[in-house]
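Written below as structure tokens is the structure these notes are about.
The values are calculated or read from the model by the stated rules, or taken from the named source; none is laboratory data. Fair warning: this is a prediction, and the values are worked out from it, not measured in the lab. Here Cβ is always computed from backbone atoms with ideal geometry, including for glycine, and neighbour counts include all displayed protein chains.
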Amino acid sequence: MSKIWWLVAGAMASIATAQESPFQFNGFVDTYHAIQTEWPHDLTTSRTRLRAELRVDYENAYLFASLNGIHNSILDDRTGVQLQEAYFNYSNSFFEIRAGRQIVVWGVADGLRVTDLISPVDYTEFMSSDYDDMRMAVDGIRIKYPGERVNAEIVYVPVPRYFQMPIGEDNPWRPDLPENVSFDFPEGPEPRFKNGDFGTRVSFFLSNLDFSLSALHTHNQSPVTVAGYDPEKDSIVIHGIHETMTMFGGDMSMPLGEFVLRLEIAEYLDEALAYANNLDYARKNTFNALGGIDWYAGDNWTFMVQYLHKYIADYSDELAAEQNSSQVTFRISKELLNNTLKLALYGMFDIDNLGFYARVSGDYALSDQVTVSLGYDHFGGKRGQLAWYEKNREVWAKAKYYF
């Protein structure tokens, strides 16, 4: 398969270099490997990927497609050719339409989800990918009015997709379960009109302030887990539940000298929330708010911090979650050696569960086309998802070649 990929890449690259060619072909090859720092020092991630992207332009329209050819040494079902995006885009001075498999990004948060609820996230290997690589494309239609000061868009996704979770028995990121317990998570709802996601977003661009208002009918893409008994297998089955909900929200960003202030809020109506006994779930209205500040301090230093808060209305003590819950993330980075070396520290702290995650990384650009990276991921805490992964504290290495 790899030989075929390289032949196709070479042929399309030759086409793309032709003068005034409508074809644009590019992509990259990357490889990522991580190993536990604690016994038994198993590999937690080991994969190599070829991303090929093709764009064909014709007047005001273009076709775009991207494919991933992946070899995963740990998760056999992740090895193969996967369609990343494939859509048709047409635009003029009055409107833009994009139809097909595409990634939709809303909001101003960095790695946290408040209004950004259309494209789900692939958590199969948890945090072993950059957040942009973890985004999953959806099959839908987006119509947009591309004004200079105001733009508006409408999105419709006939068959939504859900988070991909680490539930395979051979996955090092799978939660530890007793032998008689299994998972049953759906990949998406039945393809019916009423099950589709649809929403709108209006954005305003002022001289020193950008803000947006949004509304979306969607599903809780991250599953709510409910345990049940399967008499045929004489075992416990953990079901992933996805219910419809409605989101009304807004976001804003404001530059202030070396700083950028970010704010994002959303009200979720009828969000599904699990009970502490894991036997059922409730539907509640929740308020979600994020505040962030970015400081571009000069001398290639960057500091970012975010605070996310969730409040559950009409609260019941039977719920698994607290009425008020909070997360904090931060990012510090510094570029050195004529911007060829980037050192970074990223952290996430789950205040309620006292769980934390930290990533220390260094990226070095050998050339404009080749980058190598090294890093360490640290998990810990008292309870919650981040504490579960203490066994997966890891060192990792990555290399990436652009063409």
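Residues that are closer than 27 Å to R383 by Cβ and of a type outside the set (V, I, T): does segment 152-162 have at least one?
So in segment 152-162, the residues closer than 27 Å to R383 by Cβ come out as 162.
With of a type outside the set (V, I, T) added as a condition, the list becomes 162.
Yes, segment 152-162 has at least one match.
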| query | Is there any pair linking a residue in segment 119-136 that is at pLDDT 95 or above to one that is surrounded by fewer than 20 Cβ atoms within 10 Å (Cβ to Cβ) and of a type in the set (S, T, Y), with Cβ under 7 Å and at least six apart or on different chains, and which? | reply | none
| query | Do we find a residue being touching a Pro at 6+ places or on another chain (Cβ under 8 Å), hydrophobic (A, V, I, L, M, F, W, C), in a loop (DSSP other than H, G, I, E, B) and surrounded by fewer than 20 Cβ atoms within 10 Å (Cβ to Cβ) anywhere in segment 50-63? | reply | no
| Restricting attention to segment 347-363, does a residue exist that is on the phi > 0 side of the Ramachandran plot, of a type in the set (S, T, N, Q) and part of a loop (DSSP other than H, G, I, E, B)? | no
| remark: Result of the Cβ filter at 7 Å on segment 82-103, keeping first residues that are within 17 Å of D133 (Cβ to Cβ) and partners that are aromatic (F, W, Y) and surrounded by 13 or more Cβ atoms within 10 Å (Cβ to Cβ), at least 6 apart or interchain, is E85/F64; R101/Y87; Q102/Y87
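Identify the residue in segment 348-367 that is within 18 Å of S128 (Cβ to Cβ) and out of contact with any His (no Cβ under 9 Å at 6 or more places or on another chain) and, among all such residues, is surrounded by the most Cβ atoms within 10 Å (Cβ to Cβ).
In the first step, residues of segment 348-367 are kept if they are within 18 Å of S128 (Cβ to Cβ); the result is 348, 355-363.
If we keep only those that are out of contact with any His (no Cβ under 9 Å at 6 or more places or on another chain) too, we end up with 348, 355, 361-363.
On the way: M348: 20, G355: 22, S361: 17, G362: 14, D363: 18.
Top of the filtered list is G355.
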| message | Here's a check for you: in segment 208-237, which residue that is of a type in the set (G, A, S) and assigned to a strand (DSSP E or B) is farthest from V155 (Cα to Cα)? | response | S235
| Of residues in segment 113-146 being among the aliphatic types (A, V, I, L, M) and in a loop (DSSP other than H, G, I, E, B), the one surrounded by the most Cβ atoms within 10 Å (Cβ to Cβ) | I118
| note | The number of residues in segment 161-176 that are in a loop (DSSP other than H, G, I, E, B), free of Cβ contacts under 8 Å to residues at least 60 places away in the same chain and not β-branched (V, I, T) is 3
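Could you list all residues from segment 99-112 that are surrounded by fewer than 20 Cβ atoms within 10 Å (Cβ to Cβ) and either among the charged types (D, E, K, R) or within 23 Å of E264 (Cβ to Cβ) (or both)? Talk me through it step by step, then tell me what you get.
As a first pass, look at segment 99-112 and keep what is surrounded by fewer than 20 Cβ atoms within 10 Å (Cβ to Cβ): 99-101, 103, 105, 110-112.
Selection gives R101, I103, V105, D110, G111, L112.
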